[in-house]
Amino acid sequence: VRWPPAGFTHGGQTMAAAVTGSGLLQTTSSVHLNVSVQCFTLPPPLQKSCQTNPISTKEASLQVSAVSEAGTQTEHRQDQRVLDVDLGPLLDYPDLGEFLKRVEGIMIKELKKNWRSHAFDGYEVNWEDQNKLVSCLHTLQYPAALEQQLQVTAVTWNCTGSVIACSYGRLGDGDWSTEKSYVCTWNLDRRGLKPNHPDVIVEVPSSVMCLAFHPSQPSLIAGGLFNGEVLLWDTSLTDDPLIGRTGLTPDTHTDAVYQVINLPWPQGNKLQILSISSDGKILVWQMEKEGKLTLMDGFALVAHQIPSNTRINKHGRGDSAVGGTCLSFSHFDQSLFVVGVEGGYLLKCFSGAQTSAQTSAATSVPLKAPAQFTFSPHGGPVYSVDCSPFHRNLFLSAGTDGHAHLYSMLQAKPLASLNLSDKYLFSIRWSPVRPLVFAAASGEGEILFCDLGKSPQKPSWCIKQTDNGKPVACLEFNPSQTQLLAAGDANGAVKIWQLSSDFNEQGAREMILLDDIARETTD
């Protein structure tokens, strides 16, 4: 209640009023009024109700024939991450506190020493199941080659790692230029693999001495023959896989071809194949139309043009050709390659050399002298050489003296020499995943694995390939499935080995140790 109404005045003064509990009205002036207040009581609210239809109910019961009760109980386990404050007094051991204070300085000193130590740098925890054994997955043979008593002269994997190819020929002395031989392939990923029935069989009119798949085209294989020819096959063609050959021309090798390489850097998108022969020539062939391999470039190894940077025996050296047996390109420099020769020497060569070779050989392309440096020799012909895929200056060689040599490109004498066999070493290859590991094929029927991190003088593992002691002629690691190794022997068999995890997993300090080995020098 407000009194008076807005704008009401009395005696020139504005009045304001409020009702108090006693009914008196207080104003801001001196005028007092008595006001009566009437109170009215409201009637009670109107009540309404409604009713629904009657609710029906029904009772039912169920009885079973048997009752079983079960229960479980677990022990209360306190969260170990939370410290119960009630246990505080129990953990107060004065003797323990004094002991910790007394040994604190010694413990910190030892911890710092362990931090600086490299004792466990080579140790790496592997939680996966380890394959401790080396097992033979397949033994592949071609019965017709076995009937002729032919030997496996080369094995090669295609770029996918699923197909293995082998060539048949002979390793001993003699003239087999007219003896029929074979090139066979097996797809190991194909269902129903038949070890005695190759997927592809190619008959060749001369003994096949070497073989190489193309690095990026999985169906192309190049081969070198005993009669000096170089051939190219396409295994995807079922009727006639032969798509290119050098033929017998003045440019053709005049002696057996011991290694072929499909060059991974073709010019003008044309296939190029490099071949090396005991006639002293290293030739580069290019695939032309109508199945012709044409000579595009070449080199000649002439005795008097070989650098004499080491104290080598010059007896018998003259203007004659030096027979090449093997070759390997650097993985870091396409122009650099190492050649092994029949006299036991190893030559560092340069493909960009411009010096003309002083040879009487008549070819359609001028030959050049590539040798730039001579390394200390083996005690016999060099059969295999392989540049390291992990270090630009390191390479391996193997020869008839049974030794494996580890060389640096920067010095003549080998960094290490391992006597692995009393007979020949026919092949040697670096592991594609372990920088310090390599494998060698011996004339005693064994595959020898060496780990330079464990021992620089003796093999770490040995596999018996042949039971009768016949030599293992060739071996190759699978570039894609690196746990697989293929090896061919004089019994005519190709065996596919699955390597253990020890030879297929790189250690933590292997690259550091490899660098340390490469920095070593010899007197």
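The values are calculated or read from the model by the stated rules, or taken from the named source; none is laboratory data. Just so it is clear, the structure is predicted and the values come from calculations on it, not from any experiment. Reconstructed Cβ throughout: ideal geometry from the backbone, glycine too, with neighbour counts over all protein chains shown. The accessibility values were calculated without ligands, DNA or RNA, using every heavy atom of the protein model including side chains. Shrake-Rupley method; radii C 1.70, N 1.55, O 1.52, S 1.80 Å.
Points to keep in mind about this one:
- Residue check for F449: aromatic (F, W, Y) and touching a Lys or Arg at 6+ places or on another chain (Cβ under 8 Å): no
- With respect to the conditions (1) buried (at least 22 other Cβ atoms within 10 Å of the Cβ); (2) within 23 Å of V152 (Cα to Cα), I282 falls short on a single one, namely (2).
- Taken together, the residues in region 373-396 that are part of a strand (DSSP E or B) and either touching a residue at least 60 places away in the same chain (Cβ under 8 Å) or of a type in the set (A, V, I, L, M, F, W, C) (or both) amount to 9.
- Within the set L225, L193, L232, L188, the sole residue that is over 26 Å from the mean Cα position of the chain (by Cα), surrounded by fewer than 24 Cβ atoms within 10 Å (Cβ to Cβ) and not acidic (D, E) turns out to be L232.
- Hits in region 428-446 - residues which are in contact with a Gly (Cβ under 9 Å, 6 or more places away or on another chain) and under 10 Å from C474 (Cα atoms): A441, S442
- Within region 455-463, the presence of a residue that is open to solvent by 10 Å² or more (accessible area, probe 1.4 Å), under 21 Å from E342 (Cα atoms), touching a residue at least 60 places away in the same chain (Cβ under 8 Å) and not aliphatic (A, V, I, L, M) is excluded.
- Selection status of H403, surrounded by 24 or more Cβ atoms within 10 Å (Cβ to Cβ), over 18 Å from D515 (Cα atoms) and free of Cβ contacts under 8 Å to residues at least 40 places away in the same chain: no
- Selection status of S219, polar (S, T, N, Q) and under 34 Å from the mean Cα position of the chain (by Cα): yes
- Only one of the listed residues (K413, K423) is of a type in the set (K, R), over 20 Å from A518 (Cα atoms) and at pLDDT below 95. That residue is K423.
- Evaluation of K423 against (1) in contact with an Asp or Glu (Cβ under 7 Å, 6 or more places away or on another chain); (2) closer than 29 Å to P218 by Cβ (one fails), failing number: (2)
- Residue tally, condition of a type in the set (F, W, Y) and closer than 18 Å to T156 by Cβ, over region 439-475: 0
Residue by residue, here is whether (1) among the basic types (K, R); (2) under 16 Å from the mean Cα position of the chain (by Cα); (3) in a loop (DSSP other than H, G, I, E, B) holds:
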| position | (1), (2), (3) |
| --- | --- |
| N468 | no, no, yes |
| E476 | no, yes, no |
| P479 | no, yes, yes |
| T482 | no, yes, yes |
| A487 | no, no, no |
| N491 | no, no, yes |
| W497 | no, no, no |
| G507 | no, yes, yes |
| D515 | no, no, no |
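- Some residue of region 112-135 being buried (at least 16 other Cβ atoms within 10 Å of the Cβ) and modelled with pLDDT of 85 or more: no
For (1) open to solvent by 50 Å² or more (accessible area, probe 1.4 Å); (2) closer than 26 Å to L248 by Cβ, each residue gets a yes or a no:
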site	(1), (2)
L347	no, no
S356	yes, yes
T363	no, yes
Q372	yes, no
S376	no, no
G380	no, no
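- Scanning region 318-349 for residues that are farther than 15 Å from P381 by Cα and under 31 Å from the mean Cα position of the chain (by Cα) yields S328, F329, S330, H331, F332, D333, Q334, S335, L336, F337, K348, C349.
- The listed residues are E520, E444, and the only one of them that is over 16 Å from H405 (Cβ atoms) and open to solvent by 30 Å² or more (accessible area, probe 1.4 Å) turns out to be E444.
- Within region 339-372, the set of residues being part of a strand (DSSP E or B) and either hydroxyl-bearing (S, T, Y) or touching a Lys or Arg at 6+ places or on another chain (Cβ under 6 Å) (or both) comprises S356, Q372.
- Within region 141-186, considering residues that are of a type in the set (G, A, S) and not in a strand (DSSP E or B), the one modelled with the lowest pLDDT: G174
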